[in-house]
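First comes the structure, then the notes that go with it.
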Amino acid sequence: TGGESVVEPRRAFPWRQLGGICALTFFGAMVFYTVPVEMSYLLDDLGVESSGVIGLATAVASAATVGGAVTFARLRRAPEPLLPGVLAVCAVGFGVMAVAGNAALLVVGAVINCVGTGMLLPALLTSAMSRLAFEDRGRGTGLWMAAFFGGEFVCPLVLLGGEAAVGSLAGAVGMLGVAAAAVAGGLLTAGRRGRTAEPQPRP
């Protein structure tokens, strides 16, 4: 009747679909925040003490992050196939930073890394939202942000632990680069297996 209200059945939240991308986002946040948080310390380790030079180097790297985000917007492709390549770019940047013997090479590595991280953040968010129905995206965004800020929080702690293990901050950054390369390889392998497992149309 007109006075009765229809109670819709409660929908189950797709935890499984979001769990993997949130775990990847947690790691991606550590990759994303390494340069903004640690750049000044890395420059200091190379003997750069001028606050102006440190600020300029950090600003250049930040501009590269913007450039990466703009590049992602122009690609207009699904985010999942891009993630292995984007993480590989981040890993290359970390590798250059780890072996840099002067400030100029360190900045080059930071720029490479930040081009990757500028693409990484929107790729992760787009991938997370593409897994959810419209009704679930509010809660899904909250969970994604919790994963991202959790990774941001532990980033300096992880690098401090790595520095204690290998003896230098640059070495710890290199270790994070190795981890990023490993994650990129794992995503690439998983993507290939998923495509192979898809049923092929009959002729």
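The values are calculated or read from the model by the stated rules, or taken from the named source; none is laboratory data. Just so we're clear, the structure is a prediction, and the values are computed from it rather than from any experiment. Neighbour counts run over all protein chains shown; Cβ positions are idealised from the backbone, glycine included. The protein model used for the area step is the full one, side chains on, heavy atoms only, and it has no ligands, DNA or RNA in it. Shrake-Rupley method; radii C 1.70, N 1.55, O 1.52, S 1.80 Å.
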- Message: Can you give me the % of accessible surface on the chain that is carbon or sulfur? Probe 1.4 Å, all protein chains present, nothing else counted.
- Response: 64 percent
- Prolate/oblate/rounded label for region 75-195 (Cα gyration tensor, a/c 1.5): prolate
- Take each uninterrupted DSSP H stretch in the chain, measure its Cα extent along the helix axis, and return the ones at 27 Å or beyond whose mean Kyte-Doolittle hydropathy is at least 1.6. 79-99, 103-130
- Please check the chain for the longest run free of trypsin sites (Lys or Arg not before Pro) that are loop-located per DSSP (anything but H, G, I, E, B) and have at most 14 other Cβ atoms within 10 Å. 78-203
- Cα gyration tensor of the chain, axes a ≥ b ≥ c as square roots of the eigenvalues: rounded (a/c below 1.5), prolate (a/b > b/c) or oblate? prolate
- Once every DSSP H run of n ≥ 4 in the chain is given -39500 (n - 2.57) and the sum is divided by its residues, what mean residue ellipticity at 222 nm do you get, rounded to the nearest 500 deg cm²/dmol? -29000 deg cm²/dmol
- Note on the structure: Taking a probe of 1.4 Å and leaving out DNA, RNA and ligands, the chain shows per residue an accessible area in Å² of 56 Å²
- Message: Treating only the Cβ of Lys, Arg, Asp and Glu as charged (+1, +1, -1, -1), what charge dipole size does region 48-203 show about its Cα centre? Round to the nearest 20 debye.
- Response: 740 debye
- Query: At VAL99 and LEU157, where each label point lies 7 Å from the Cα along Cα→Cβ, what is the point-to-point distance in nanometres?
  - Reply: 3.3 nm
- Please list THR126, THR58, THR34 in order of solvent-accessible area, largest first, computed with a 1.4 Å probe with all protein chains present. THR126, THR58, THR34
- Would you mind classifying region 23-120 by shape? Square roots of the alpha carbon gyration tensor eigenvalues, ordered a ≥ b ≥ c; an a/c under 1.5 is rounded, otherwise it is prolate if a/b is larger than b/c and oblate if not. prolate
